[in-house]
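The values are calculated or read from the model by the stated rules, or taken from the named source; none is laboratory data. What you see is a predicted model; the values in this text were computed from it and never measured. Ideal geometry is used to build each Cβ from the backbone, glycine not excepted, and the neighbour counts take in all protein chains shown. Protein only, heavy atoms only, side chains kept; ligands, DNA and RNA dropped before computing areas. Shrake-Rupley method; radii C 1.70, N 1.55, O 1.52, S 1.80 Å.
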Amino acid sequence: QVQLVESGGGLVQAGGSLRLSCAASGTIFRLNVMGWYRQAPGKQRELVATITSGGTTNYADSVKGRFTISRDNAKNTVYLQMNSLKPEDTAVYYCKNWGMGAYWGQGTQVTVSS
């Protein structure tokens, strides 16, 4: 069974940085597409970034130039480096794995104060 465990969320002031981590188990991680989504209160869950097994990345327009997704296949972990954070980045951030199916982590809260 695939398990995804996110960490690294917290409270930060606008302009600050955070790095989220998502550790995966129960899957052949190096073959999987991984991604980060977020959901703000009262809004739908939205895609933030994805990274393929070959390292190709894709970003939402709202985070381009500020966020960087990366992966360490030796550690079965995907990261989201978030810089120049804005209050509108406040949300619960979820890790997603596409392997034999689609799996979600439990989410980690990111709060950006103005």
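Tell me yes or no: at least one residue of region 32-45 is among the β-branched types (V, I, T), touching a residue at least 40 places away in the same chain (Cβ under 8 Å) and farther than 13 Å from Y93 by Cβ. Within region 32-45, one or more residues are among the β-branched types (V, I, T), touching a residue at least 40 places away in the same chain (Cβ under 8 Å) and farther than 13 Å from Y93 by Cβ. Given the criterion surrounded by fewer than 21 Cβ atoms within 10 Å (Cβ to Cβ), farther than 22 Å from Q1 by Cβ, in contact with a Ser or Thr (Cβ under 7 Å, 6 or more places away or on another chain) and not polar (S, T, N, Q), identify the matching residue among R66, R19. Residue meeting the stated conditions: R66.
Annotation: of all residues in region 27-42 being loosely packed, with under 14 Cβ neighbours inside 10 Å and not aliphatic (A, V, I, L, M), the one that is farthest from K86 (Cα to Cα) is R30.
Per this entry, N97 is counted among residues that are open to solvent by less than 40 Å² (accessible area, probe 1.4 Å), over 30 Å from S114 (Cα atoms) and touching a Leu at 6+ places or on another chain (Cβ under 8 Å). Tell me which residues, restricted to region 4-16, are open to solvent by 30 Å² or more (accessible area, probe 1.4 Å) and either more than 14 Å from V112 (Cβ to Cβ) or part of a loop (DSSP other than H, G, I, E, B) (or both). The answer is V5, S7, G8, G9, A14, G15. With respect to M82, is the statement that it is open to solvent by less than 40 Å² (accessible area, probe 1.4 Å) and closer than 22 Å to Q13 by Cα true? For M82, the condition - open to solvent by less than 40 Å² (accessible area, probe 1.4 Å) and closer than 22 Å to Q13 by Cα - is met.
Checked against (1) touching a Lys or Arg at 6+ places or on another chain (Cβ under 7 Å); (2) over 24 Å from L11 (Cα atoms); (3) open to solvent by 30 Å² or more (accessible area, probe 1.4 Å), A74 passes all but a single condition, namely (1).
Of the strands (runs of 3 or more DSSP E) entirely within region 17-114, those holding at least 2 residues that are modelled with pLDDT of 95 or more, on the phi < 0 side of the Ramachandran plot and not aromatic (F, W, Y) occupy 18-25, 33-39, 46-51, 57-59, 67-72, 77-82, 91-98, 108-113. Count of region 14-53 residues, restricted to those that are among the basic types (K, R) and in contact with a helix residue (DSSP H, G or I) (Cβ under 9 Å, 6 or more places away or on another chain), is 1.
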